[in-house]
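**Student:** Have a look at this one before I ask anything.
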Amino acid sequence: MTPFGARLQAAVAARGRLCVGIDPHTTLLSAWGLDASARGAREFGLRVVDAAAGRVGVVKPQVSFFERWGSAGFAALEDVLRAARDAGLVVIADAKRGDIGSTMSAYAEAWLTPGAPLEADAVTVHPYLGVGSLEGAARFALENGKGLFVLAATSNPEAAVLQTAPAGAEPVAAAVARAVRALDEPGASWSSLGLVVGATVELATRGLSADLLQGIPLLAPGFGHQGARLEQTDALFGTLAPQVLASASRSILSAGPTGLAVAIEQHLAELEA
């Protein structure tokens, strides 16, 4: 069984660092001529998968835009997740789950069990019930060749107060990163346990250094709509840039169904120039 970190590294080497978000906002559904419904979200997601396959290595469905439609929305999400994995894409379910240990382990089973209806390659989680609460989920992910992306330094401005607060000798974000690193098995070139680090975040203010983050995949939202530019990636992340997944959603999706492929290729060109 190939670890998630190795599969992700191979996908990035083959197709570049762009991660395409699948976010069926109501406004985007309308602009695409689709119903604001589970059926519309399903069609939206499948069209993004079709455009992304063969162009990028990674997609990231935002779970909330499907689950708002209840059971029909989850059924639509299942179809999109399955189609993306069948197309050879690495799929990160952006669910941001976080709970006490036993409940967190159940979330991991829901999203990371091979063959499960909601199976993804990795899922986003948050550590603010303590990184220790993620131990069971991390163990389950590693045992099944799956991954986690743990929120550490997010791009929303409201997070700064919490993530820069002192946790002993370092900020909370750095303490989270250090604890996540300790959960993974040593020796891999890329860890299977990644971090979410916003592209609009100044790493030093969160206590995040190249030494601390070396070998940890970084899922970096904040490009496009939130203000960061893809061509800035190397400057923003320095020596960490090769392990950054630059996530872009609305700046691609706003191109509409007929413009998706071109928009993806343009974003890739900006990122990899």
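The values are calculated or read from the model by the stated rules, or taken from the named source; none is laboratory data. The structure presented is a predicted model; accordingly, all values stated were derived computationally and were not measured. Here Cβ is always computed from backbone atoms with ideal geometry, including for glycine, and neighbour counts include all displayed protein chains.
**Student:** Among the residues of the stretch 105-116, are any modelled with pLDDT of 95 or more, over 22 Å from Cys19 (Cβ atoms) and among the aromatic types (Phe, Trp, Tyr)?
**Tutor:** no
**Student:** Search the stretch 162-190 for residues being in contact (Cβ under 8 Å) with a residue 12 or more places away in the chain and outside any helix (DSSP H, G or I), and hand back the single one that is farthest from the chain's Cα centre (by Cα).
**Tutor:** Glu170
Yes/no per residue for (1) under 19 Å from the mean Cα position of the chain (by Cα); (2) under 25 Å from Arg229 (Cα atoms); (3) assigned to a loop (DSSP other than H, G, I, E, B):
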| position | (1), (2), (3) |
| --- | --- |
| Leu8 | yes, yes, no |
| Asp35 | no, no, yes |
| Arg39 | no, no, no |
| Arg42 | no, no, no |
| Gly45 | yes, yes, no |
| Lys60 | yes, yes, no |
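**Student:** I would also like to ask the following. Taking into account only those residues within the stretch 62-73 that are assigned to a helix (DSSP H, G or I) and under 19 Å from the mean Cα position of the chain (by Cα), which is surrounded by the fewest Cβ atoms within 10 Å (Cβ to Cβ)? Full working, then the answer.
**Tutor:** First, the residues of the stretch 62-73 that are assigned to a helix (DSSP H, G or I): 64-67, 70-73.
Restricting the remaining residues to those that are under 19 Å from the mean Cα position of the chain (by Cα) gives 64-67.
Numbers: Ser64: 12, Phe65: 23, Phe66: 27, Glu67: 16.
My answer is Ser64.
**Student:** With (1) aliphatic (A, V, I, L, M); (2) closer than 29 Å to Arg139 by Cβ; (3) surrounded by 23 or more Cβ atoms within 10 Å (Cβ to Cβ) as the list, and Ala188 as the residue in question, which single condition is left unmet?
**Tutor:** Every listed condition holds for Ala188 apart from (3).
**Student:** Pairs only if they're at least six apart or on different chains, beta carbon under 9 angstrom, first in the stretch 209-231 and at pLDDT 85 or above, second in a loop (DSSP other than H, G, I, E, B) and of a type in the set (Phe, Trp, Tyr); list them, first residue then second.
**Tutor:** Gly215/Trp190; Ile216/Trp190; Pro217/Trp190
**Student:** Considering each of Ala220, Ala235, Ala199 in turn, give the residue that is farther than 18 Å from Ile92 by Cβ and small (Gly, Ala, Ser).
**Tutor:** Numbers: Ala220 fails: farther than 18 Å from Ile92 by Cβ; Ala199 fails: farther than 18 Å from Ile92 by Cβ.
Residue meeting the stated conditions: Ala235.
**Student:** Within the stretch 204-222, which residues are surrounded by fewer than 22 Cβ atoms within 10 Å (Cβ to Cβ) and part of a helix (DSSP H, G or I)?
**Tutor:** Ala204, Thr205, Ala210, Asp211, Leu212
**Student:** Also: In the stretch 126-140, is there at least one residue being farther than 24 Å from Ser64 by Cα, out of contact with any Ser or Thr (no Cβ under 6 Å at 6 or more places or on another chain), touching a residue at least 12 places away in the same chain (Cβ under 8 Å) and surrounded by 15 or more Cβ atoms within 10 Å (Cβ to Cβ)?
**Tutor:** Yes; the residues of the stretch 126-140 include at least one that is farther than 24 Å from Ser64 by Cα, out of contact with any Ser or Thr (no Cβ under 6 Å at 6 or more places or on another chain), touching a residue at least 12 places away in the same chain (Cβ under 8 Å) and surrounded by 15 or more Cβ atoms within 10 Å (Cβ to Cβ).
Each row is one residue, and each column tells you yes or no for (1) in contact with a Phe, Trp or Tyr (Cβ under 6 Å, 6 or more places away or on another chain); (2) surrounded by fewer than 22 Cβ atoms within 10 Å (Cβ to Cβ).
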{"residue": "Arg7", "(1), (2)": "no, yes"}
{"residue": "Thr27", "(1), (2)": "no, yes"}
{"residue": "Ser37", "(1), (2)": "no, yes"}
{"residue": "Arg42", "(1), (2)": "no, no"}
{"residue": "Gly57", "(1), (2)": "no, no"}
{"residue": "Ala75", "(1), (2)": "no, yes"}
{"residue": "Gly88", "(1), (2)": "no, yes"}
{"residue": "Asp99", "(1), (2)": "no, yes"}
{"residue": "Ala108", "(1), (2)": "yes, no"}
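**Student:** Which of the residues that make up the stretch 232-257 are closer than 30 Å to Gly40 by Cβ, touching a residue at least 40 places away in the same chain (Cβ under 8 Å) and either within 18 Å of the chain's Cα centre (by Cα) or surrounded by 22 or more Cβ atoms within 10 Å (Cβ to Cβ) (or both)?
**Tutor:** Within the stretch 232-257, Leu245, Ala246, Ser247, Ala248, Ser249, Arg250, Ile252, Leu253 meet the criteria.
**Student:** Right, next: Going by the conditions given, is Leu203 among the hydrophobic types (A, V, I, L, M, F, W, C), closer than 29 Å to Arg229 by Cα and in contact with a Pro (Cβ under 8 Å, 6 or more places away or on another chain)?
**Tutor:** No: the conditions fail for Leu203.
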